[in-house]
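Read the structure below first, then the notes.
The values are calculated or read from the model by the stated rules, or taken from the named source; none is laboratory data. If you're wondering where the values come from, they're calculated on a predicted model, not measured in any experiment. No Cβ is skipped: glycine too gets one built from the backbone with ideal geometry, and neighbour counts run over all protein chains shown.
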Amino acid sequence: MVPQPFVKILALAYPASEIYFFRPLNERVAVFQEPFTLLQEVVLEVSPEAAKALAGQTQLKLSGMLHYQACDDEPCFNCASVPLSWTLKLTPTSPNGSEHRANAHECQGTDLTIPNEALGHRNRNASRY
């Protein structure tokens with residue numbers, strides 16, 4: 001996630017991976033072989049400075065990059081990155097508008113399917129992350 005004033009970015013939560021034995025390198029690696037969800041939580045700062053900066057705003061845009069590397073039974077493909085962004089609706093939670101809440105339910109989950117062409121695959125199903 002791109003750092004932003006008055007937004008605290010919490011640790012990214014990964015699901016449990018599984019260990020895969022990669023024969024070409026005689027190596028065991030942690031992998032995700034099924035579709036999975038990454039959870040990135042953010043918290044709006046509660047301070048007079050944050051309240052002043054957010055006063056009158058109705059949206060908060062967050063952005064970041066997903067960096068990944070895909071492999072199949074033989075080769076691993078070059079690392080790649082996909083830009084991501086979310087626009088959250090800000091709702092004042094105090095009568096004077098000094099505190100805000102981001103309505104995350106409106107943007108929960110970005111379903112990202114990475115096309116085969118981006119991975120270098122040919123004639124294979126799309127990989128979904």
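Examine region 43-58 for a residue that is modelled with pLDDT of 75 or more and acidic (Asp, Glu), and state whether such a residue exists.
Yes: one or more hits.
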Near pairs, Cβ below 7 angstrom, 6+ apart or cross-chain, from region 33-46 (under 18 Å from Leu62 (Cα atoms)) to any residue that is part of a loop (DSSP other than H, G, I, E, B) and of a type in the set (Ser, Thr, Tyr): Leu38/Tyr14
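If you go through region 20-61, how many residues are within 14 Å of Pro5 (Cβ to Cβ) and in a loop (DSSP other than H, G, I, E, B)?
Residues meeting the conditions: 5.
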Residue in region 117-129 that is modelled with pLDDT under 85, within 29 Å of Gln4 (Cα to Cα) and in contact with a Pro (Cβ under 6 Å, 6 or more places away or on another chain) present: yes
Conditions (1) surrounded by fewer than 12 Cβ atoms within 10 Å (Cβ to Cβ); (2) modelled with pLDDT of 85 or more; (3) part of a helix (DSSP H, G or I); number of the one not met by Ala16: (3)
Test: residue in region 64-75 that is at pLDDT 85 or above, farther than 23 Å from Pro15 by Cβ and under 20 Å from the mean Cα position of the chain (by Cα): no
